[in-house]
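Report on the structure given below.
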Amino acid sequence: MIELIEGVLLTMLAAVTIAIVRQHNLFGVVILAGVYSFLMASVLIVLDAVDVAMTEASVGAGISTVILLATLYLTGSREDPPAHTPALPLFVATVTGAALIWGTFQLPGFGVAHSPIHDHVAPAYLEASTKHEMPPNVVTAVLADFRGYDTLGETTVIFTAGIGVMLLLRGRRKRQHGSAKEASDT
Amino acid sequence: MIEWQAIVGHYNYYVTVFLMVAGLYIVIAHGNMIKSLIGLGLFQTSVYLLYISPGKIVGGTAPIIDPKYTDYSNPLPHVLILTAIVVGVATLALGLALVVRISEEYGTVDEDEIVAMDQDQ
Amino acid sequence: MKLDLILRVGTKLILPFILIFAPYVHFHGDYGPGGGFQAGVIIAAAIILYAIVFGLDAAKRVAPQGLIERLVPLGVLLYASAGLPAMLSNKGRYLDYGVFGHHFAHAHEWGILIVETGVIITVSSTMLAIFYAFADRSRR
């Protein structure tokens, strides 16, 4: 049953992806990307990754859609028809895809309990948080406690990206709008 | 003889590879920078799937400890991907900020037009 | 903008629930899905919704831009300084939470809460600062 739900959701995800590739109106692309994020969140819920699903739904469909729309307002939503034939990109994509599919042949199937990923580290986390009466949500325990260094690094990356955006966009526009706008800024 | 069992069991990997390749195709084939960034986003999202789907156990539950359950899906990929999503949107915003500045400077966000303008000078 | 009556009333109805939901997600993150990252994004989303419906100036009165931009490094600083007590008192290494209490589970719960508070401050203020930066740019 769970394989069926998973399969249907993944097929819808693939269909939305095809629509994103073919759509040339960027406004449509952004909305489709929002649809894609919600579908991805549903897939993640089926895969028992509830924390990740929550993040994907709020970040992917919420914040990034808003930022993309703000950018479209600033740059225009028209995409020029491609100047080159898509033969070379298609070839590169097909070869890469074939190599990756070849690589999946040896991987364990869906939802198998004894696959290698479950042998190392994760059982130790589950055991330790049960033994020491840590917070029941193991994801929070691993995020903030067992792997606190990782999260410190990630937080620093977010901080750095935020500073970068402010540095790029807070300054004044230079060229054509220059003198008239400068007065209104101050 | 086609092994249907293996194909059904690996379907999530096939979709993951498809999403990844579609993202790659958009990045290479489309000159529009905003579309390229969305393609990069697709690529990134396929990596979420690649990490999370092997951690699932059929019959297991989300990794929130409860005496009623014994099988939990693997919490480690969840942690890695959770932070990666938020970092992903922050870096997407950084990329879009660059696109906005490029658009103000050149009046276009198309790579080919920008290259042509640079060569004219 | 003045004519969007349904949008305005609907937003006013939804906003308190979003703003309550964010701390719920933050503090309940130990027991259910959620945590600092999700709660931070939800807070930012609430204020962005307010800004979209009622205008950027109204949102900046609620969450002043200067304050938000000062909070961005403050969150990282809070997170990074959560590791210092253990290191300075020689009771453990950087980011060991043993010093925050006598009982193991209790101490670690405090440690996780402090760290997650650092995360929620950084994430919410960064997302808002990014939104303000883009929105300001469109008005010029």
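The values are calculated or read from the model by the stated rules, or taken from the named source; none is laboratory data. What you see is a predicted model; the values in this text were computed from it and never measured. Positions of Cβ are backbone-derived with ideal geometry, glycine not excepted, and every protein chain shown enters the neighbour counts.
Quick notes on this one:
- Applying the set (1) in contact (Cβ under 8 Å) with a residue 60 or more places away in the chain; (2) surrounded by fewer than 23 Cβ atoms within 10 Å (Cβ to Cβ); (3) not aromatic (Phe, Trp, Tyr) to residue A:4 leaves exactly one unmet item: (1).
- Qualifying positions in region B:97-113 - hydrophobic (A, V, I, L, M, F, W, C), at pLDDT below 90 and assigned to a helix (DSSP H, G or I): none
- Comparison of C:13, C:19 shows that the only residue that is exposed (fewer than 14 other Cβ atoms within 10 Å of the Cβ) and either more than 8 Å from every other protein chain (Cβ to nearest Cβ) or assigned to a helix (DSSP H, G or I) (or both) is C:13.
- The single residue among A:27, A:91, A:38 that is touching a residue at least 40 places away in the same chain (Cβ under 8 Å) and either more than 29 Å from residue A:143 (Cβ to Cβ) or in a helix (DSSP H, G or I) (or both) turns out to be A:27.
- Selection status of residue C:25, more than 16 Å from the chain's Cα centre (by Cα), surrounded by 14 or more Cβ atoms within 10 Å (Cβ to Cβ) and more than 23 Å from residue C:135 (Cβ to Cβ): no
- One residue stands out among those in region A:123-143 that are modelled with pLDDT of 85 or more and facing chain B (nearest Cβ under 7 Å): the one that is surrounded by the fewest Cβ atoms within 10 Å (Cβ to Cβ), which is A:136.
- Taking region B:29-48 as the range and being at the interface with chain A (Cβ under 7 Å from one of its Cβ atoms) and aliphatic (A, V, I, L, M) as the test, the residues that pass are B:29, B:34, B:38, B:42.
- Condition met for residue C:66 (assigned to a helix (DSSP H, G or I), free of Cβ contacts under 8 Å to residues at least 40 places away in the same chain and over 23 Å from residue B:93 (Cβ atoms)): no
- Condition check for residue C:61: within 25 Å of residue B:98 (Cα to Cα) and not aliphatic (A, V, I, L, M): no
- Hits in region B:85-112 (condition: surrounded by fewer than 18 Cβ atoms within 10 Å (Cβ to Cβ), in contact with a helix residue (DSSP H, G or I) (Cβ under 8 Å, 6 or more places away or on another chain) and more than 8 Å from every other protein chain (Cβ to nearest Cβ)): B:102, B:106, B:111
- Flag for residue A:113 being in the same structural domain as residue A:145 (by TED's automatic domain parsing), under 30 Å from residue A:148 (Cα atoms) and hydrophobic (A, V, I, L, M, F, W, C): no
- Residue in region B:57-79 that is facing chain A (nearest Cβ under 7 Å), more than 11 Å from the chain's Cα centre (by Cα) and of a type in the set (Lys, Arg) present: no
- Top-ranked residue of region B:1-20 - restricted to ones that are not hydrophobic (A, V, I, L, M, F, W, C) and not in a helix (DSSP H, G or I), ranked as surrounded by the fewest Cβ atoms within 10 Å (Cβ to Cβ): B:3
- The residues on offer are B:59, B:39, B:23, and the sole one that is crowded, with 21+ Cβ neighbours inside 10 Å and more than 22 Å from residue A:104 (Cα to Cα) is B:39.
- Between C:43, C:114, the distinction of being under 23 Å from residue B:96 (Cα atoms), among the β-branched types (Val, Ile, Thr), more than 7 Å from every other protein chain (Cβ to nearest Cβ) and within 21 Å of the chain's Cα centre (by Cα) belongs to C:43 only.
- Number of positions in region A:78-131 that are among the polar types (S, T, N, Q) and touching a Phe, Trp or Tyr at 6+ places or on another chain (Cβ under 6 Å): 1
- Yes/no for residue A:71 being at the interface with chain B (Cβ under 7 Å from one of its Cβ atoms), part of a helix (DSSP H, G or I), under 20 Å from the mean Cα position of the chain (by Cα) and at pLDDT 90 or above: yes
- Only one of C:93, C:137, C:70 that is among the charged types (D, E, K, R) and at the interface with another protein chain (Cβ under 7 Å from one of its Cβ atoms): C:137
- Looking only at region B:66-75, residues that are surrounded by fewer than 24 Cβ atoms within 10 Å (Cβ to Cβ) and not in a loop (DSSP other than H, G, I, E, B) come to 1 in all.
Quick grid of which residues meet (1) under 25 Å from the mean Cα position of the chain (by Cα); (2) closer than 30 Å to residue C:104 by Cα:
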residue	(1), (2)
A:66	yes, no
A:97	yes, no
A:112	no, no
A:126	no, yes
A:130	no, yes
